1. Please go through the stretch 1-10 and pick out each residue that is surrounded by fewer than 12 Cβ atoms within 10 Å (Cβ to Cβ) and within 16 Å of residue 85 (Cβ to Cβ).
2. Scan the stretch 222-255 residue by residue and report those that are over 13 Å from the mean Cα position of the chain (by Cα) and not in a helix (DSSP H, G or I).
3. Enumerate the helices (runs of 4 or more DSSP H) found wholly within the stretch 11-88, keeping only those where 1 or more residues are over 30 Å from residue 217 (Cα atoms) and open to solvent by 30 Å² or more (accessible area, probe 1.4 Å).
4. Among 70, 112, 92, which is on the phi < 0 side of the Ramachandran plot, hydrophobic (A, V, I, L, M, F, W, C) and touching a Lys or Arg at 6+ places or on another chain (Cβ under 9 Å)?
5. Contact list please: Cβ distance under 6 Å, first residue in the stretch 251-271 and more than 13 Å from residue 309 (Cα to Cα), second residue of a type in the set (Val, Ile, Thr) and part of a helix (DSSP H, G or I), pairs at least six apart or on different chains.
6. Residue 214 - would you say it is open to solvent by 40 Å² or more (accessible area, probe 1.4 Å), among the hydrophobic types (A, V, I, L, M, F, W, C) and out of contact with any Gly (no Cβ under 8 Å at 6 or more places or on another chain)?
7. Restricting attention to the stretch 163-181, does a residue exist that is more than 15 Å from the chain's Cα centre (by Cα) and surrounded by fewer than 24 Cβ atoms within 10 Å (Cβ to Cβ)?
8. Of the residues 108, 206, which is at pLDDT 95 or above and farther than 25 Å from residue 344 by Cα?
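The values are calculated or read from the model by the stated rules, or taken from the named source; none is laboratory data. No experiment lies behind these values; they were computed from the predicted model shown. Counting neighbours? That spans all protein chains shown, and the Cβs are built from the backbone with ideal geometry, glycine included. Protein only, heavy atoms only, side chains kept; ligands, DNA and RNA dropped before computing areas. Shrake-Rupley method; radii C 1.70, N 1.55, O 1.52, S 1.80 Å.
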Amino acid sequence: MNRFSLKPDIIFGEDAVAVLETFKEERVMVIADPFIIDSGMIDHVKKHLTGCKIFVFSDVVPDPPMEKIASGIVALNEFNPTVLIACGGGSAIDSAKGIYHYSDSGKRRFIAIPTTSGTGSEVTKFAVFTDTALGQKYPVVSDKMIPDMAIIDVDFVKTVPGKVAADTGFDVLTHAVEAYVSTSATVITDAMAEKAAALVFTYLKRSCENCDDLEAREKIHEASLLAGIAFNEASLGLNHAIAHNLGGRLHIPHGRINAMLLCPVIWFNANITGYGREQYTAAAVKYAKLAKICGISASTTRQQVRGFMEKIYKLMRDLKMPVELKQAGIQENQIRKIETEAVRGALADACLKTNPRTVNENQIKEIIHKLSEYERKQ
């Protein structure tokens with residue numbers, strides 16, 4: 001028996017943020033990163049909260065550490081809001097999720113307004129926090145962290161720099177791909193993942209090259225939402241398990257390390273060892289199906305999967321993204337220093353539970369090593 005539940009009330013389209021005008025005489029705590037404050041974007045939220053008492057908490061940093069969550073809980077308890085609004089990228093929304101989850105949330109409503117198109121955090125029960133002492137990211141999963149409302153408004157992503165849009169866009173693609181081959185995938189999550197992946201290949205390049213292309217920006221914003229819905233139900237896999245533990249230790253943006261891992265993980269999970277149809281794994285068949293949906297035409301499953309990988313690499317090259325660790329400024333001695341701990345962390349990561357293929361320590365090391373082999377393979 002399967003179940004599909006969709007909690008957040010999703011408000012999207014032109015001027016979606018105007019829905020905040022329905023809140024009257026509320027005590028509103030807005031959690032936003034400093035950029036949202038400095039850029040004046042916060043005013044776009046506040047102007048729709050006429051008659052409300054507003055408190056802005058901006059002690060938000062990338063990869064939110066637990067000590068920042070604790071300070072946010074203190075601020076929340078002092079202000080005692082009736083509405084909590086997260087406005088920002090994944091770090092701001094995850095910070096708000098942590099503050100909401102670990103506090104006595106009571107009956108207050110929780111609203112998320114994403115200002116990047118990548119994490120899908122506005123519709124998921126997942127958040128990622130950081131243990132600063134260990135330099136390790138770790139996911140927390142709780143239905144309590146799903147916002148009551150998600151506001152998807154393109155006005156909040158118009159000024160995202162192209163390089164950031166590329167990183168976050170590949171996070172969207174990774175979410176879609178991993179949800180699609182997850183052992184918990186359903187026909188509903190497949191539909192969401194298929195549409196999200198197709199939108200990324202159609203619009204991400206345009207979105208990164210021209211921030212004034214509002215159609216492309218809006219479509220990638222929607223793709224992020226769809227991929228978030230897909231992985232919220234189906235979960236993720238090996239790609240994120242390694243990324244959580246490698247990216248934090250090497251200080252590589254989450255979407256970027258996901259992108260670098262995507263093709264090596266696809267090939268590992270597909271596990272294609274022969275040319276006969278009977279030898280293709282279920283994961284290989286699904287990758288091939290997704291490839292076809294995304295415009296890859298080939299006569300065999302092997303060729304479809306290979307074509308899908310090359311399409312991913314081409315998009316990375318077009319967006320000038322690193323495809324190997326040295327292109328990201330990482331030296332081999334840095335990798336050796338953290339490899340053992342990163343591998344152990346990946347093996348303990350909850351995302352592995354729904355990966356389509358089991359994996360051991362040596363296989364994870366091999367995948368990490370492939371991030372240094374791309375140029376030689378080409």
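1. Listed by number, the list is empty, since nothing qualifies.
2. Result: 251, 252.
3. It comes to 66-79.
4. Exactly one of 70, 112, 92 is on the phi < 0 side of the Ramachandran plot, hydrophobic (A, V, I, L, M, F, W, C) and touching a Lys or Arg at 6+ places or on another chain (Cβ under 9 Å), namely 112.
5. Between residues of the stretch 251-271 that are more than 13 Å from residue 309 (Cα to Cα) and residues that are of a type in the set (Val, Ile, Thr) and part of a helix (DSSP H, G or I), the close pairs are 255/168; 258/174.
6. yes
7. Among the residues of the stretch 163-181, at least one is more than 15 Å from the chain's Cα centre (by Cα) and surrounded by fewer than 24 Cβ atoms within 10 Å (Cβ to Cβ), which makes the answer yes.
8. Exactly one of 108, 206 is at pLDDT 95 or above and farther than 25 Å from residue 344 by Cα, namely 206.
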